[in-house]
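Working notes, beginning with the structure itself.
The values are calculated or read from the model by the stated rules, or taken from the named source; none is laboratory data. The structure displayed is predicted, hence computed values, not measured ones. When we count neighbours, we look across all protein chains shown, and the Cβ atoms used for this are built from the backbone with ideal geometry, even at glycine. What goes into the accessible areas is simple: the full protein's heavy atoms, side chains included, and nothing from ligands, DNA or RNA. Shrake-Rupley method; radii C 1.70, N 1.55, O 1.52, S 1.80 Å.
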Amino acid sequence: AKGADMTSLLGDIVVAARASVARTPDLLPKLKESGVVDSGGQGLTTILEGMWRHTRGESLQFAPRSEQAETSMVQMGRVTIEEEYGYEVVFLLRGDNLNLDAIRETITRMGGWSTVVAGDTRLMKVHTHTPTPGKILDYGIGLGSLSDVNIENLQEQSLRYAAESAREHGGSPPAVFATNGATATPARGETGAPSAAPMPPAGRPVVGDIATVVVAAGDGWTRLFESLGVATIIPGGQTMNPSTQDLLEACERVTASKVLLLPNNRNVILSANQVPQLAQKEVSVVPSGSLPQGVSALLAFNYDADFQTNCAAMTAALASVQTVEVTRAVRTVQLDGVNVTEGDIIGLVNDQLVASGGDLDAIVKDCLSRAGVERHEIVTLYYGADAAVDAAQALAGRIKEWFPGREVEVQDGGQPYYTYILSVE
């Protein structure tokens with residue numbers, strides 16, 4: 001209605017989106033506790049900025065900004081990105097023989113970024129971000145008359161939040177802590193104590209017109225799922241989530257007309273749930289939230305049962321597995337009521353942070369207790385890419401001492417990020 005073109009509109013949308021992302025820690029206590037902004041909101045903002053840049057004919061690559069531009073490190077979920085703040089300056093410029101390209105170039109040289117200049121030789125709308133709004137306004141006044149001047153402090157909310165977060169955590173704003181990595185688990189019975197359950201013959205989960213498709217990363221997991229007869233293994237995990245399209249294409253590639261899809265990661269379940277509506281064949285999702293759960297589900301497969309019966313049985317089997325993950329923190333944070341210092345050993349039970357400290361044995365013992373190991377029979381210890389087999393065997397021996405009567409297996413998982421993953425069944 002006011003004559004704004006698409007580029008100006010997208011510029012306003014991007015500015016509003018950035019400000020909204022900066023507010024997200026005040027809207028969701030979990031974000032504030034974790035010291036992060038909403039990652040989905042930041043992702044959407046990045047998409048919008050890409051659209052905006054396209055309408056301006058700019059590169060979609062995020063190039064380094066001017067050294068004059070103020071920057072702030074913003075924690076985006078479990079990823080760190082560089083985001084700009086400073087001041088947003090918007091005004092209407094009236095004059096004679098105004099040169100749009102020259103004005104945009106001059107403002108950029110003056111330290112402005114995300115600059116949009118739209119209009120004609122007599123009336124222009126100018127939008128830019130800058131650490132020094134006075135310089136931009138002085139330049140505009142030298143070209144003509146200004147009206148509808150608006151200056152917004154984009155960094156105010158971010159800096160306020162960062163200060164509050166620093167006070168809460170007793171220091172500077174935290175850095176990201178270790179993410180859930182893609183993990184790897186070899187087959188039971190390969191090393192360590194004998195497996196309590198016999199390994200089904202290779203190919204068992206691919207029966208007749210039914211195929212299984214799983215998400216996994218790491219040689220150990222690949223060997224395990226191949227031995228269980230899965231039709232397709234999609235590379236992926238916490239830090240390399242496959243897209244819905246990746247999952248859909250994998251399901252469509254198998255020759256069977258019915259597919260059981262196991263995401264094996266809580267972050268992949270949402271994408272997996274989109275596949276049944278898009279696939280040309282019948283697909284059911286077994287919502288495995290971890291790779292050990294995926295193993296348990298596949299072991300529950302009954303080659304004498306039909307598709308729906310197997311889906312129900314495999315889904316029910318997920319509850320029989322508790323997953324413990326042990327890694328090191330790479331950020332200082334208070335999360336789920338646990339105080340974490342950068343470099344601490346941290347333990348998670350079913351993806352929830354429950355323990356932190358400097359004593360590996362204490363962390364593992366605590367996590368196993370919280371996982372209800374006393375009510376279960378088997379503990380499988382998968383050691384990661386950065387762990388030594390001797391250390392893993394020694395830890396397994398101590399677990400047997402802590403929890404007599406439990407059967408403890410040791411497997412070479414080879415998973416990144418996590419020193420150990422323990423399956424309690």
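If you go through the stretch 299-320 one residue at a time, do you hit one that is open to solvent by less than 10 Å² (accessible area, probe 1.4 Å), within 30 Å of Ala362 (Cβ to Cβ) and among the hydrophobic types (A, V, I, L, M, F, W, C)? Scanning the stretch 299-320 turns up no residue that is open to solvent by less than 10 Å² (accessible area, probe 1.4 Å), within 30 Å of Ala362 (Cβ to Cβ) and among the hydrophobic types (A, V, I, L, M, F, W, C). Restricting the stretch 382-418 to residues that are of a type in the set (S, T, N, Q) and either open to solvent by less than 30 Å² (accessible area, probe 1.4 Å) or touching a Phe, Trp or Tyr at 6+ places or on another chain (Cβ under 7 Å) (or both) leaves a set whose member that is modelled with the lowest pLDDT is Gln415. Picking from residues in the stretch 275-309 that are in contact with a Phe, Trp or Tyr (Cβ under 8 Å, 6 or more places away or on another chain) and at pLDDT 95 or above, the one that is nearest to Asn264 (Cα to Cα) is Ser284.
Can you tell me which residues in the stretch 339-357 are open to solvent by 20 Å² or more (accessible area, probe 1.4 Å) and either in contact with a strand residue (DSSP E or B) (Cβ under 8 Å, 6 or more places away or on another chain) or part of a loop (DSSP other than H, G, I, E, B) (or both)? Within the stretch 339-357, Asn339, Thr341, Glu342, Gly343, Asp344, Asn350, Asp351, Val354, Ser356 meet the criteria. Asn267 passes all but one of (1) open to solvent by 10 Å² or more (accessible area, probe 1.4 Å); (2) without any contact (Cβ under 8 Å) to a residue 60 or more places away in the chain; which number fails? The number of the failed condition is (2).
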